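Q: Have a look at the structure that comes next, please.
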């Protein structure tokens, strides 16, 4: 397919993000969602799910590194890791960089995301075929319920909290995650932007706090996501982001372009308005 037009994602209605489609590589309706991958001269390949930007080749490393490494480095010895969602493979790519990991399991409901990422997004899909990676196609909520005290770290790499992903942002799911964690385990999840849906953004953290004793929010600058500022949620009964953090262990990680040992503290220093919004929920 050769098609030059413009894709626009509206952020709340009156404004949004516009990217030129230089060439559409694939556009199809999967059993679960609309999927599209196209090329842009400046951004490289762009993945859309249900007409929302999931990643661009230009900046996906920021999201995947920040979703993975702050949590992995807070755990003293993460042998078993579960990724819920993330069928493009980018999260797995970062998880398996940790030498402590023995097995990284991906649970993705939409097999088409996995297959088409392998075909069109090799820069993230490399994580899918790593020797430490195991792929399970199925519902993440059901998978979590059937596994108890098996994982050191659970990472939720989901779409926005609407539709089939909404249940991944509620306390019943967090209770199931807690039961799936070994003692001393932790959860990390993408948590949207505080600039949009400002009234509802803190709810993820209040739902987490009803299940886990230690809940923290951290952020990163991701140009292609709404507002350019994105947050992540950290939850654990026993750990904090600095509990077992070793800067030497962080600095041993290879191929990083955004995360650094200095960010283990700095990323958790939120803008004042975000801190106040979270404080108002407690």
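The values are calculated or read from the model by the stated rules, or taken from the named source; none is laboratory data. What you see is a predicted model; the values in this text were computed from it and never measured. Here Cβ is always computed from backbone atoms with ideal geometry, including for glycine, and neighbour counts include all displayed protein chains.
Q: Looking at 62, 19 in this structure, which one is over 16 Å from the mean Cα position of the chain (by Cα) and surrounded by fewer than 23 Cβ atoms within 10 Å (Cβ to Cβ)?
A: Going through 62, 19 in turn, the sole match is 19.
Q: Next question, about the same structure. Within the stretch 146-157, track down each residue that is surrounded by fewer than 16 Cβ atoms within 10 Å (Cβ to Cβ) and in contact with a helix residue (DSSP H, G or I) (Cβ under 8 Å, 6 or more places away or on another chain). Spell out the reasoning first.
A: Kept after step one, since they are surrounded by fewer than 16 Cβ atoms within 10 Å (Cβ to Cβ), are these residues of the stretch 146-157: 146, 148-149.
Across the stretch 146-157, the qualifying residues are 148, 149.
Q: Could you please let me know if residue 206 is in contact with a helix residue (DSSP H, G or I) (Cβ under 7 Å, 6 or more places away or on another chain) and either under 28 Å from residue 242 (Cβ atoms) or touching a residue at least 40 places away in the same chain (Cβ under 8 Å) (or both)?
A: Working: in contact with a helix residue (DSSP H, G or I) (Cβ under 7 Å, 6 or more places away or on another chain): no; either under 28 Å from residue 242 (Cβ atoms) or touching a residue at least 40 places away in the same chain (Cβ under 8 Å) (or both): yes.
Spelling it out, it is not the case that residue 206 is in contact with a helix residue (DSSP H, G or I) (Cβ under 7 Å, 6 or more places away or on another chain) and either under 28 Å from residue 242 (Cβ atoms) or touching a residue at least 40 places away in the same chain (Cβ under 8 Å) (or both).
Q: All but one of (1) over 18 Å from the mean Cα position of the chain (by Cα); (2) closer than 23 Å to residue 97 by Cβ hold for residue 219; which doesn't?
A: (1) is the only condition that residue 219 fails.
Q: While we're on this one: Mind listing whichever residues of the stretch 91-104 are closer than 24 Å to residue 142 by Cα and in contact (Cβ under 8 Å) with a residue 40 or more places away in the chain?
A: The answer is 91, 92, 95.
Q: Tell me which residues, restricted to the stretch 223-282, are assigned to a helix (DSSP H, G or I) and in contact (Cβ under 8 Å) with a residue 40 or more places away in the chain.
A: 226, 227, 249, 250, 263, 264, 273, 274, 277, 278
Q: Among the candidates 74, 104, which residue alone is surrounded by fewer than 24 Cβ atoms within 10 Å (Cβ to Cβ), at pLDDT 95 or above and within 18 Å of the chain's Cα centre (by Cα)? Explain how you work it out, then say what you get.
A: Working: 104 fails: surrounded by fewer than 24 Cβ atoms within 10 Å (Cβ to Cβ).
74 is the lone residue from the list that is surrounded by fewer than 24 Cβ atoms within 10 Å (Cβ to Cβ), at pLDDT 95 or above and within 18 Å of the chain's Cα centre (by Cα).
Q: Here are the criteria: (1) farther than 18 Å from residue 91 by Cα; (2) surrounded by fewer than 21 Cβ atoms within 10 Å (Cβ to Cβ); (3) at pLDDT below 95. Tell me which single one residue 160 does not satisfy.
A: Checking residue 160 against (1) farther than 18 Å from residue 91 by Cα; (2) surrounded by fewer than 21 Cβ atoms within 10 Å (Cβ to Cβ); (3) at pLDDT below 95, the one that fails is (1).
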